[in-house]
Amino acid sequence: MTSDDARRRRTTVAVASGTALVSIGLLVGLPALDRVDEVGPVGSYPAPLSGEWIGFALVLLAQAAALLASGRTLRATPVAVAFLAVAGSAVSPGDFHTLAELAVIVSVALAVVRVRLGVLWPALATTAGLVVVAEVTGGILRADAPLAAALGQGLLQAAGTVGLPLLVALVIRSRRDERSARTAEASAIGREQEARIDAAVSRERTAMARELHDIAAHHLSGIALMAAVIDRQIDSDPERAHEGVRQVREESTAVLDDLRRLVGLLRDDAPAERAVETVAGILDLVERTALRSDVRLEIRTVGDQTHVAGGVGPLAQLAAYRTAQEALANAALHAAGALVRVTIDDLDSAEVTIRIENGPAATPAASTSSFGGSGLRGMQERADLVGAQLQAGPTDDGGWLVELTLTREAPLAAEDEGLGVSA
């Protein structure tokens, strides 16, 4: 039994017990209360503990038992209780017979609160008809009113016995449904917020993984290649080997600086110590890479090289920088000794194009880790994020080409267009 079932069972027991106590209490005390009331004549009641009195008391207890057993027969309970009310009118047609309608009111209210009204209408209609029959039966047996008057009284009694608890129960049910709807809405909002938080955390994890991959791929691949060169030169060309060691130290320092910057961005209490990379930063990137590889840079722009990619948003510029970084790292790793050409085309008023093209490897590629394949996927994800166009694939001569086209958020004015090529 679930907690809801247990709660309903406790409620049913309490309601049935309360109805029995109130009904028997009125059965015992109603004659005395009627005699105290000085308004109107005293009603007709059977003597206490007489056969008629005991018979009607048993009817009231039977109604309470029907309420107690209403857990699985809610639709039938009002009908059963109303039928017992008819029996009560036959047993005691006097003024006591209206006490049996208390259980009818309670059974109707319970049924409407717990059962859909669409399937309850037949039972309610039958209950109302039995209430009319009970009133007519009592009137006929008392022989104090004509049939038409008893029938009219029965209809009014049915309206009060069935209609009034129906309205009250509908109000209670509507408030309960409204409360349940608010609870469900709050729960849905909570789940939506949790889903958004999970999505944000997932995006942050992806961004962190991408940043770590970019840092590791660029710097550590260079360190691995320089270490291999140093190993070959340490005996034959000590001076070049010493220079390679210094470059390894510079690359190691750059790795630490980038990692510190990344950790600083993740900490709330750490101020940003370095600006976000831009397209202009590719110049420094190529300059550092040229220390260990044959990399040539060509910038096609109108004005100052340090102000290329005007009108391109900062996120798109960061994507361009990371794409160039990843492409240079891949070229160094998979096409060692090959010529690498980096071209920044800043002449178009609506877009900027960055091309990184390397020739075929001059020497066999160094052994790589089994963990890989994230570079191109990271490039594509960055391009999709900023609405850029990315093309990556092999060239006819056996090399590799990466081309990223960025759309300017604010196109250059016509008077700013022109040709200016620098290398």
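So the values come out like this:
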item	result
Matching option when the condition is modelled with pLDDT of 80 or more and in a helix (DSSP H, G or I), among Val245, Val312	Val245
Residue check for Arg191: under 30 Å from the mean Cα position of the chain (by Cα), part of a helix (DSSP H, G or I) and modelled with pLDDT of 75 or more	yes
Filter pass, Ala383 being modelled with pLDDT of 80 or more and assigned by TED's automatic domain parsing to the domain that holds Arg300	yes
Candidate set from segment 324-343 (those that are within 46 Å of the chain's Cα centre (by Cα) and among the β-branched types (Val, Ile, Thr)); member that is nearest to Arg288 (Cα to Cα)	Val342
Filtered residue count, segment 381-398, keeping only those that are in a helix (DSSP H, G or I) and in contact (Cβ under 8 Å) with a residue 40 or more places away in the chain	5
Residue check for Thr395: at pLDDT below 90 and under 23 Å from Ala338 (Cα atoms)	no
Segment 283-299 - residue that is at pLDDT below 90 and basic (Lys, Arg) and, of those, farthest from the chain's Cα centre (by Cα)	Arg292
Filtered residues of segment 321-351 (kept if of a type in the set (Gly, Ala, Ser), in contact with a helix residue (DSSP H, G or I) (Cβ under 7 Å, 6 or more places away or on another chain) and in a helix (DSSP H, G or I))	Ala324, Ala329, Ala332
Check on Ile215, among the β-branched types (Val, Ile, Thr), assigned to a helix (DSSP H, G or I) and modelled with pLDDT of 75 or more	no
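The values are calculated or read from the model by the stated rules, or taken from the named source; none is laboratory data. The shown structure was predicted, so the numbers you read here are calculated from the model rather than taken from an experiment. Cβ: placed from backbone, ideal geometry, glycine included. Neighbour counts: every protein chain shown.
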